[in-house]
Amino acid sequence: TLSVSKTAASQKDVMHVKHYQVQDRYKYGAELLTLALSKLDEPFVIDAPEAQTMNEARGNIEVISGRIDVQWLSTTQEREETTIPIKIPLYRGVLGLRLLLAEQERVQDLSKIDSLESLRQYVGGHGLHWGDLPIYEANDLKVITHVKYKQLFTMLENGRFDYFHRGLNEIWDEFERYKTSLTIVDDVMLFYPHPVYFFVSKQRPELAAKLEKGLKLALEDGSFQEVFLSMHREFIEKASLSSRSLIVLKNPVLPDNTPVIDTSWWLPENFPPLLQ
């Protein structure tokens, strides 16, 4: 349990905020949660389990029921209807940027991809239950799926498909693990709008209002951008984004009223007009 509170305050005045996302991959969202609450000049305690006790599907149910207060996940119509979305994209769109892993001998061909039409000539790998699978179907991209994450790398090594799209923040560690056989394709990147929001239980509307206020204050004073860059700058620089062709995919599972994501913290300035 992480406690951030003012000792002078009596316990009943302390705001308690409960979440379940304690794995490393959720660390950035947890930092933003603390940052937003710290802007409010109000004592608070963040309650979270010591170890991961539930997956996203279970956690989502707990947030809807009010037993847990908040989670941070990519948006869907259903999530926006069953909880309170705070429509400030936490990752500034960076989770929707994908680089391609491929067998070393295929990289030269794949690096010539410069349009959706040329990408369609190849077959990608994809997790069977991943939330962004419908994006590939909606863009007429051929994919081969598997339920196990690790198996997808073996399938790529064995030539079962041509490329495996990975997030900007995921691909470098994976490349290190598989670099004897796989490498990162130069000159190409994919992007689809894939915003991650805080979703607050409908039992805690006052918390939703406070979190939104805290995030806006963090945007204004630059501390939000500081946290973002501290977690992502290294990956962004490694990727040499300005030297790549950008292929934009439409995202059919995005709710209709989703605001355009401001990508200006990380995407070279010649690219954002393509995302409108």
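The values are calculated or read from the model by the stated rules, or taken from the named source; none is laboratory data. A quick note: this is a predicted structure, and the numbers were derived from the prediction, not measured. We work out accessible area using only protein heavy atoms, side chains counted, and drop any ligands, DNA or RNA first. Shrake-Rupley method; radii C 1.70, N 1.55, O 1.52, S 1.80 Å.
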Measuring with a 1.4 Å probe in the full set of protein chains, what accessible area per residue, in whole Å², belongs to the range 68-189?
-> 43
Per residue of the range 79-93, in order, report the coupling 6.51 cos²θ - 1.76 cosθ + 1.60 (Karplus, θ = phi - 60°) as ³J(HN,Hα) in whole Hz, putting x for Gly and Pro.
-> 4, 5, 8, 9, 9, 9, x, 9, 7, 10, x, 5, 9, 6, x
Plugging the Kirkwood radius over Cα pairs into Stokes-Einstein for the range 17-73, at a temperature of 25 °C and a viscosity of 0.890 mPa s, what D comes out in µm²/s?
-> 208
Once all protein chains are kept in place, Trp130 shows an accessible area at probe 1.4 Å, nearest 10 Å², of 80
Note to self: Kirkwood Rh of the range 1-152, Cα pairs, one decimal, Å, is 18.8
Ellipsoid semi-axes in whole angstrom, largest first, where each is sqrt(5λ) of the Cα gyration tensor of the range 196-276 | 28, 19, 11
Check the straight Cα-Cα distances from Lys216 and name the aspartates and glutamates below 18 Å, setting aside those fewer than 8 residues away within the same chain.
-> Glu31, Asp41, Glu42, Glu206, Glu226, Asp262
Per the helix-only model, the chain has a calculated mean residue ellipticity at 222 nm (DSSP H runs of ≥4, -39500 (n - 2.57) each, divided over all residues, rounded to the nearest 500) of -9500 deg cm²/dmol
Normalised convex hull volume, the range 184-237, alpha-carbon set, Å³ per residue = 123
Relative contact order of the chain, defined on C-alpha pairs under 8 angstrom at six or more residues apart (%) | 28
Please calculate the 1.4 Å probe accessible area of Lys238, with all protein chains present, and give it to the nearest 10 Å².
-> 100
If you average the sequence gap of Cα pairs under 8 Å that are 6 or more apart and divide by the length of the range 1-121, what percent do you get for the contact order?
-> 27
Using only C-alpha atoms and all pairs of different ones, pull out the Kirkwood radius for the range 73-193 in Å with one decimal.
-> 15.3
Accessible area, probe 1.4 Å, largest first, for residues Asp162, Asp186 | Asp186, Asp162
The number of Lys pairs in the range 80-212 whose alpha carbons lie under 17 Å apart, excluding pairs fewer than 8 residues apart on one chain, is 4
Roughly speaking, to the nearest percent, how much of the range 31-169's 1.4 Å accessible area is carbon and sulfur?
-> 47
Note, the range 73-78: 3J(HN,Hα) by Karplus (6.51, -1.76, 1.60, θ = phi - 60°), whole Hz, Gly/Pro = x, goes 9, 5, 7, 9, 4, 5
Estimated vicinal HN-Hα couplings, Hz - the range 217-226 in sequence order (Karplus 6.51, -1.76, 1.60; Gly, Pro = x) | 5, 5, 5, 5, 8, x, 6, 4, 4, 4
Using amide H atoms built 1.01 Å from N in the peptide plane, name the residues 5+ places from Ser245, or on other chains, whose amide H lies under 5 Å from its own.
-> Val188, Met189
Roll a 1.4 Å probe over the protein heavy atoms and report the accessible area of Val45 in Å², nearest 10.
-> 10
Residue separation between Trp130 and Thr82 times 0.36 nm, minus their alpha-carbon distance, gives in nm 15.2 nm
Taking placed amide H atoms and a strict 5 Å upper bound, the residues 5 or more places from His16 or on another chain that come that close are Val45
